[in-house]
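The values are calculated or read from the model by the stated rules, or taken from the named source; none is laboratory data. It should be emphasised that the depicted structure is a prediction, and the values quoted were computed from it without experimental measurement. Heads up, the Cβs are rebuilt from the backbone with ideal geometry, glycines too, and the neighbour counts pull from every protein chain shown. Only protein heavy atoms, including side chains, enter the accessible area calculation; ligands, DNA and RNA are left aside. Shrake-Rupley method; radii C 1.70, N 1.55, O 1.52, S 1.80 Å.
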Amino acid sequence: MPNLPATADEHRSLIALLIVSAFIVAGGIHYQTPMLAAIAADFGADAAATGWIPTLSFGGMLVGIVFFVPLGDRIDKRRLVLSKIVVLLLAQALMAAAPSIAVLAAGSLVTGICASLLQSFIAITAETAHPDHRGRALGTQLTAMFSGILFARIGGGLIAAHIGWRYSYVLSAGMLLTIIPVLWARLPSTRPTSQASYRDLLWSIYQLMRAHGGMRRAASIQFMFGLCYGGFWAVAAPMLAVLHHVGPTATGLIGIPGAAGILVSRPAGRWTDRAGLAPVVLAGIVSMLAAWIAMGFGVWSIAAVVLGAILLDCGLRAAMVANQTLVNSAVPDSRARANTLFGLHVWGGNAIGAFLMSWTFAHYGWLAVCGVALTAVVFALLIHLGVLPIGRAEQ
């Protein structure tokens, strides 16, 4: 358990700090979303080339989750958070000055690796929350993350259109520079819950996956959702530019209705606390199915894209709050590793989705992207209903 503040006011102050920090960090890998077309024009690249930027950022998040987040069960989470946030600051500065797509993609990779510290914020929040209100607490923390993503998308689009895409990363670096001293002064230390070697720590993640069918099911569903979510935002800017002739400002503004999940997260957490996981996850799957059916009409209407973005975000966030609550409740002494397992599937899905959908859009167009996404959501539904027996416990 963390060395918690002694008073309720100090505890609220810690939660507020985690919320603000999550808002700032979450945006780092999402400023790119509305700017990809502007970046492509600046460097004379196509959608497939710029697709490596979100692919490597999501892939970097995956690397950070697998190789660094598990250490939170073995060493002080404070050390992990402070080390990664300083490197994140340097990576954002590198992206602001990048002379080529290759350097920008490299900075994006490092950004993704360091942004995995968000999982440490989630673990600390889960440890400090009362068990009866854990869903609500995690919903609040995830709301801060989603708000940071929304800010990055809108801000990235506006900045790219008016003063140049590089200044988005200048803004990000500036906010990080502001929050780092506060984290250094106020973030509490945590006590290790495992003395296992690093190798055994990583191996135990696989053992957790084998032992907990519910955790396996939750992670698999979130992987399918990650394919859809990462894929959509990787191709949103080039798709809107090609089909509807809109620039980065309009693409960024799509993030406003597309962030409807911010309004869903806390109610989804309360619903999870009251009714359990299954109905919340099912509602998320239905919303995601409706999203990609609507997206199919995006070839002819930008309104269909807006509606689809709303349903996409609501479905993703509702399911994520429920599944994240399950993961953080199943193994209290292994939360860092449980979040590693969950994050591995979430960000693995985002990375593969960004690559797959960018390639699909470049070669086959938008309707093919919608077809691939719908297939992924159907798989999520079959997993949830038990038709695909991924959630069975190992003997």
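From the set of residues in segment 269-327 that are out of contact with any Lys or Arg (no Cβ under 9 Å at 6 or more places or on another chain) and charged (D, E, K, R), which is nearest to PHE342 (Cα to Cα)? It comes out as ARG317.
Of all the listed residues (LEU183, LEU158, LEU176, LEU150), the sole one being in contact with a Leu (Cβ under 6 Å, 6 or more places away or on another chain) and either assigned to a helix (DSSP H, G or I) or open to solvent by less than 70 Å² (accessible area, probe 1.4 Å) (or both) is LEU176.
Is it fair to say SER197 is surrounded by fewer than 19 Cβ atoms within 10 Å (Cβ to Cβ), free of Cβ contacts under 8 Å to residues at least 12 places away in the same chain and on the phi < 0 side of the Ramachandran plot? Judged against the criteria, SER197 is a match.
For segment 10-34, a tally of residues being part of a helix (DSSP H, G or I), surrounded by 17 or more Cβ atoms within 10 Å (Cβ to Cβ) and at pLDDT below 85 returns 4. Being at pLDDT 85 or above, within 27 Å of LEU201 (Cα to Cα) and open to solvent by 20 Å² or more (accessible area, probe 1.4 Å) is the requirement here; does VAL81 meet it? It is false that VAL81 is at pLDDT 85 or above, within 27 Å of LEU201 (Cα to Cα) and open to solvent by 20 Å² or more (accessible area, probe 1.4 Å). Can you find a residue in segment 95-106 that is open to solvent by less than 10 Å² (accessible area, probe 1.4 Å), under 20 Å from GLN141 (Cβ atoms) and touching a residue at least 12 places away in the same chain (Cβ under 8 Å)? No, that holds for no residue. With respect to TRP292, determine if the residue is touching a residue at least 40 places away in the same chain (Cβ under 8 Å), within 16 Å of LEU227 (Cα to Cα) and open to solvent by 10 Å² or more (accessible area, probe 1.4 Å). Judged against the criteria, TRP292 is not a match. In the set LEU36, LEU80, only one residue is within 23 Å of ALA185 (Cα to Cα) and either touching a Gly at 6+ places or on another chain (Cβ under 8 Å) or in contact (Cβ under 8 Å) with a residue 40 or more places away in the chain (or both); that residue is LEU80. Take the conditions aliphatic (A, V, I, L, M) and crowded, with 20+ Cβ neighbours inside 10 Å and apply them to ALA144. Does it pass? Answer is yes for this residue. Checking the structure you have, find out if any residue of segment 318-332 is outside any helix (DSSP H, G or I), of a type outside the set (Phe, Trp, Tyr) and either open to solvent by 40 Å² or more (accessible area, probe 1.4 Å) or out of contact with any Leu (no Cβ under 6 Å at 6 or more places or on another chain) (or both). Checked against the condition, which is being outside any helix (DSSP H, G or I), of a type outside the set (Phe, Trp, Tyr) and either open to solvent by 40 Å² or more (accessible area, probe 1.4 Å) or out of contact with any Leu (no Cβ under 6 Å at 6 or more places or on another chain) (or both), segment 318-332 yields at least one hit. With respect to the conditions (1) in contact with a Lys or Arg (Cβ under 7 Å, 6 or more places away or on another chain); (2) assigned to a helix (DSSP H, G or I), ALA137 lacks only one, and its number is (1). Total residues in segment 43-78 satisfying the condition of being closer than 20 Å to LEU202 by Cβ and surrounded by fewer than 20 Cβ atoms within 10 Å (Cβ to Cβ): the figure is 6.
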